[in-house]
1. Please work out which residue is surrounded by the most Cβ atoms within 10 Å (Cβ to Cβ), limiting yourself to region 22-32 and to residues that are of a type outside the set (D, E, K, R) and at pLDDT 85 or above.
2. Consider residue 14 carefully, then state whether it is assigned to a loop (DSSP other than H, G, I, E, B), of a type in the set (Asp, Glu) and more than 30 Å from residue 70 (Cα to Cα).
3. Look through 44, 35, 92 and report the one residue that is at pLDDT below 85, closer than 30 Å to residue 2 by Cβ and surrounded by 10 or more Cβ atoms within 10 Å (Cβ to Cβ).
4. Please tell me if residue 9 is in a helix (DSSP H, G or I) and either touching a helix residue (DSSP H, G or I) at 6+ places or on another chain (Cβ under 8 Å) or modelled with pLDDT under 75 (or both).
5. Could you give me the residue pairs with C-beta distances under 7 Å whose first residue belongs to region 1-24 and is farther than 17 Å from residue 35 by Cβ, whose second residue is basic (Lys, Arg) wherever it lies, and which are 6+ apart or on separate chains?
6. Taking only pairs six or more apart or across chains, which ones have beta-carbon atoms under 6 Å, a first residue in region 41-69 that is in contact (Cβ under 8 Å) with a residue 24 or more places away in the chain, and a second residue that is among the small types (Gly, Ala, Ser) and surrounded by 15 or more Cβ atoms within 10 Å (Cβ to Cβ)?
7. Just to check your reading of the model, which residue among 18, 41 is under 18 Å from the mean Cα position of the chain (by Cα) and among the small types (Gly, Ala, Ser)?
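The values are calculated or read from the model by the stated rules, or taken from the named source; none is laboratory data. Please read these numbers as outputs of a predicted model, since none were measured by experiment. Here the Cβ is made from the backbone with ideal geometry for all residues, glycine too, and neighbour counts use every protein chain on show.
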Amino acid sequence: MFDLVRRKRAEPTDDLLGGLAHPADPDAEIVSLGTLLPIVGHETTSNMIGLGTFALLNNPERYAALVRDPGLVGWRWRSCRATSRWSISASTGGRCATWS
């Protein structure tokens, strides 16, 4: 990865790593970002899909309604926001729920 960063600095490209490879930033910082970015998006997305599936399986009436009327898929954005409030999609963090 260090060699790739050095090549991007020597011959800039119009991609994410090429944009990150600024000469003022240390190589190690850019290598760290370049290594972490693909993993982070994949982990949170795949975990959220699994958590959403788990939620539907634990709420058979909601699942049945979605099967009966696929037009309900329009509620997916509200569902994603709701799922993100009650579940953790990244394994590196934690949440604590409290009653108010």
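1. Step one: filter region 22-32 for residues of a type outside the set (D, E, K, R), giving 22-24, 26, 28, 30-32.
Subsequent filtering for residues that are at pLDDT 85 or above retains 26, 28, 30-32.
On the way: 26: 9, 28: 11, 30: 21, 31: 18, 32: 12.
So the residue we want is 30.
2. Numbers: assigned to a loop (DSSP other than H, G, I, E, B): yes; of a type in the set (Asp, Glu): yes; more than 30 Å from residue 70 (Cα to Cα): yes.
Taking the combined requirement at face value, the residue satisfies it.
3. On inspection, the qualifying residue turns out to be 44.
4. no
5. 23/9
6. Short answer, once both residue conditions are applied: 44/89; 47/89; 48/89; 51/87.
7. Values: 18 fails: under 18 Å from the mean Cα position of the chain (by Cα).
None of the others qualify; the one that does is 41.
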